[in-house]
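Reading through the structure tokens given below for one structure.
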Amino acid sequence: MDDLLSEFLTETSESLSTLDVALVNLEQNPNDPQILGNIFRLVHTIKGTCGFLGLPRLEHVAHAGENVLGKFRDGELEVTPTAVTLILQSIDRIKLILGHLEQNECEPEGSDEDLIAQLNAMADGRPDGSPPPPPPPPMPTFESVAESARAAAPPPPPPPPPPEPEMEMEDDPVPVAPAPVAQQSAVVLTGAAVVTGAPLEAKESAVAAQTIRVNVELLENLMTLVSELVLTRNQLLQMVRGKDDSEFATPLQRLSHITTDLQEGVMKTRMQPIGNAWAKLPRIVRDLSVEMNKKIDLQMLGADTELDRQVLELIKDPLTHMVRNSADHGLEPTDERKRIGKPEVGKVVLNAYHEGGHIIIEISDDGRGLNLDRIKQKAVQNGIATESELETLTPQQIYQFIFKAGFSTAEKVTSVSGRGVGMDVVRTNIEKIGGTVELKSVPGKGSSFIIKIPLTLAIVSALIVECASERFAIPQISVLELVRVTANSEHGIEMINSAPVLRLRDRLLPLVSLKRQLLLSEDTEERQETFIVVTQVGTYTFGIIVDRVFDTEEIVVKPVAPILRHIAMFSGNTILGDGSVIMILDPNGIAGATGESGLLGGAQATDTQATRESHADAKTSLLVFRAGGEDLKAVPLALVARLEEIEVTDIEHSHGKPMVQYRGHLMPLVSIDGSMSFREEGRQPVLVFSDQEHTMGLVVDEIVDIVEDRLRVELSAGSAGIIGTAVIAGKATTIIDAGYYLPQAFGDWFGRNDKEFGNTDFHAPRVLLVDDSPFFRNLLTPLLSVAGYEVISVESADKALILREQGNEFDAIISDIEMPGMSGFEFAVAVRSDARWGAIPMVALSSHATEKDFERGRQVGFNDYIAKFDRDALIQTLASTIAASKGAA
Amino acid sequence: MNQIVPAGKRTSTELAAPETQDFVTMFIEGQLFGIPVLTVQDVLGPQKITRIPLAPREVAGSLNLRGRIVTAIDVRLRLGLKKRAEDKKGMSVVVDMGGELYSLMVDSVGEVLSLPAAKFERNPPTLDLHWREFSIGIYRLEDKLLVVLDVGKLLDFTRNE
């Protein structure tokens, strides 16, 4: 039988038995509003559910009954025994129909006109059983009252129902007699209904008895007990293991089977279809589609997939949030969809299914996909990563940033989403229950989230491994495969700059030594073999090096003591079959402690530094080093992505140019004087510069220090690659032009490979540089200052306008176009619309340099428009625009 | 949510006790310590303990006490003393703190003493800072002094991280 229907039958027969009692009470206390209210509510519920399930006959009867009850409740009708009888009759009729429903899953044929007529008559104040509509003839009122009294009286006299006597009278054994019912006159029919109601009572309780309501807490307790039972069973099995002839073997096996069955059984009691968690979604999506004026089609597949109710509760909110996100951020507005040739109606698909002990829930939309640039901007803005770090990441890795706290890329905060509390909470919630979220996004095609959660929280299967004589459990959910590495196996563990990797089917798998991560003592003896547990966390796959691998075991996860919660490496602990306690490793934590989030380590520092440098007058962090000579050299630290030491033996040559394999890419090495001489042995310090997809290593002899000082280039040098000389920390230091070395490694690093720049002859004109990228601010500030400008740099148009409010004056403004918040175009409009800065020449800097952009730039008030990487043109244009504006003034 | 707060039991260790209070006594390096008898769940002999990597030094590991996981704390290290010599076997007192079980590892566990409030004194100001933090006060016994340990503070690792 349909689940919904059987649930309805159970529920309704429960309500009906309550109703019987309530009605009898009502008759005794006709004016108790509480009882009336109860009855009304029950009938109303029945009516509502019938309408929902498409049971018109039931619905009509219930509706008519409800009308009468409504009048009772409002005091328009007096509660009389006759009236109660009539209500009871309609309830019996409902039972009759229900009985038929239970057997045949459909409503019986026939009509309830008669009963409904009587009820309607009652509701209209005509206490008359006869057909209602024909308007009552002038004076029959009195007579009809008598008649109705007679009509109602015969079946059960004033005190309520007991239908038993009639049973004998009409001994038709067929419980449901639809055909005669339909044709008989009102009075007779009422009797029949009452009669058939009685035998039905026994039947309907059959369904009612099949389900009972149990307190959830009781189920939880049962689950805990079963968990303990499983543990004890495991313990016993462990004891008997290896003793084939044990007399316990057989009973224990039986115990084991029963325990497993019991465990499954109890788990089933806690299972609920995931559709329960989705119930609210259609409404939310509908409201959203109205509010946002989008056409959204929400498809829900696999709603009957069952999972543990505890898990269900925990994922309800994340799911709602994600669907809302997809509908709100993911899908484009209808007109935009039309414009780009997508079907008008956006699709959000929820799909749930089982896969090997886990539930997979996919939430996908066919919208615009995640906005990579926005995420990058936001990541830089929030100090989660620096730009140069971003350049080394793949789009998939960058997408993961949306799971960081305080991250919302919605341009506007709508009432539904975009408040910056979101995906991080989603991820935390899902990880809390041992699940994982994966994210895939294709620009223009849509994005999808894949949630993988264990069926139940209490018992998970885990792989037991050993490392430095300690055992640990790794949840099976994250384990992809096991690789055994021996001294003579084809591929051993290889090292890249002391980072272990493994070649696994044409792919380099980064490895993590559990020993090192957990700071376990290294055992000195050479191992014959080691094992690598290939683990997946989100989209990141890595291998955990362990000493030994045991079997998998069903473990009961217990939370660790509060004083240990801060250790991210563990997600819990458990007791094994042999009674020992072991820690459960958290692959997320291990991944977090190594490469994957390692790039976030210095984020805070670079962020504060970026703001500090936003005022040119403030100090700049400079990296001081020696290269190609004894004199000190320096570059702005912000330009340096990383400092690395490269094993000299790792340096390879290709086309006669030195390079190293670095983070999965080739990184060319450049030396400051072109000599390309490296150390003989050991490690070679290298400054790593990164931009866009390029990474370059500048070979230096020695890294001396990082100092913070005012960067004021006093002598500009004639030689290429040097900006000039400045006094740094009291010593004359050569400031290196990183921009010169980058193109040596890659011709296309900058638009032009020209190292000359025009020196202009002004007495320190003040230039305001507006660019959101710290990279360019740091690159251009020394460049401009050596060209004789006093540079004030800010990271946003808003900040620039604040300077205006403070009364700052400039000779020129250089502004980026693509900036978060106010764009360069908007900024230009704002500048031009105010008298204070209205006349200052403005130069636009942009990586988009098409005719159209030029045109737009001029329209909004830029005097000139320069491609971002064209340093030469910048200097020259700046000089000429300033000269022009001076001349004009 | 699961912060270690000196739970309700703490009050019983406070000086409020009217006449006498019962303490489980234990020894570390010959020094007598006491904790209120009602906080104690179990007294254990040497146990098989699983080390927990990355845990604070004072956390000796965890052990299985009749199906419950108990975190073992080395009270010696907590008090700034040396680790017990390998060859000497210790004992532990299991206490319940906020629903979690902790086993306090000491040298040995003595008898339960009923001590009159009149013999109680606040910590002498000269007491080692470290000890003062974990000690509620001192009882003057006939032949020695008993330091009343503040179990809540002993298990509160958030303060010195």
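Annotations for the structure displayed:
- In region A:230-384, taking the dipole from charged Cβ atoms about the Cα centre, the farthest positive-side position among A:Ala327, A:Ala303, A:Met271 is held by A:Ala327.
- Distance from the C-alpha centroid of region A:216-283 to that of region B:80-148: 43 Å, rounded to the whole angstrom.
- Residue-span extension gain [A:Asn31 to A:Arg836] - 0.36 nm each, minus C-alpha spacing: 281.7 nm
- Charged-residue dipole, Cβ positions (Lys, Arg, Asp, Glu), region A:258-348 about Cα centre, Debye nearest 20: 340 debye
- Cα gyration tensor shape for region A:446-572, rounded if a/c is under 1.5, else prolate or oblate: oblate
- Gain in span if fully extended, A:Ala729 to A:Arg503, counting 0.36 nm per residue against the direct Cα distance: 76.6 nm
- Placing pseudo-labels 7 Å out from each Cα toward the beta carbon at B:Asp42 and A:Arg254 gives an inter-label distance of 3.2 nm.
- Listed residues B:Met105, B:Met26 arranged by accessible area, highest first, probe 1.4 Å: B:Met105, B:Met26
- Selection from B:Gly67, B:Leu38, B:Leu101 lying farthest towards where the dipole of chain B points positive, charges on Cβ: B:Gly67
- Share of carbon and sulfur in the accessible heavy-atom surface of region B:86-161 [1.4 Å probe, %]: 52 percent
- Only protein heavy atoms count here, probed at 1.4 Å, and on that basis chains A and B bury about 2000 Å² of accessible area in total.
- Each Lys and Arg contributes +1 and each Asp and Glu -1, all at the Cβ; summed about the Cα centre of region A:795-846, the dipole is approximately 140 debye.
- Cα gyration tensor shape for region A:284-346, rounded if a/c is under 1.5, else prolate or oblate: prolate
- Rounded to the nearest 20, the Cβ-based charge dipole of chain B about its Cα centre (Lys and Arg +1, Asp and Glu -1) stands at 440 debye.
- Among the GluC sites (Glu not before Pro) within region A:363-394, not one is in coil by DSSP while having at most 15 neighbouring Cβ atoms inside 10 Å.
- At most 13 other Cβ within 10 Å, DSSP loop - trypsin sites (Lys or Arg not before Pro), region A:781-851: A:Arg836
- Where only C-alpha atoms are counted, convex hull volume of chain B per residue in Å³: 126 Å³
- Rounded, prolate or oblate (a/c below 1.5 giving rounded, otherwise prolate when a/b exceeds b/c) for region A:537-597 by Cα gyration tensor: oblate
- The mean number of partner chain beta-carbon atoms within 10 angstrom of a residue's beta-carbon across peptide A:570-578 is 3.
- Dipole of region B:50-161, positive direction: furthest Cα of B:Leu141, B:Asn123, B:Phe157, with charges on the beta-carbon: B:Phe157
- If R0 equals 41 Å, the separation of the Cβ atoms of A:Glu466 and A:Gln661 corresponds to a calculated FRET efficiency of about 0.80.
- Here the gap between A:Lys852 and A:Glu291, fully extended at 0.36 nm per residue and compared with their Cα-Cα distance, gives a gain of 198.5 nm.
- Cross-link pairs exceeding 18 Å between alpha carbons, from the set A:Lys633/A:Lys657; A:Lys347/A:Lys445; A:Lys280/A:Lys316: A:Lys633/A:Lys657.
- For the peptide B:99-105, the mean number of other protein chain Cβ atoms found within 10 angstrom of a residue's Cβ is 1.
The values are calculated or read from the model by the stated rules, or taken from the named source; none is laboratory data. As the structure is a computational prediction, the values presented were derived from the model and not from experiment. Neighbour counts run over all protein chains shown; Cβ positions are idealised from the backbone, glycine included. What goes into the accessible areas is simple: the full protein's heavy atoms, side chains included, and nothing from ligands, DNA or RNA. Shrake-Rupley method; radii C 1.70, N 1.55, O 1.52, S 1.80 Å.
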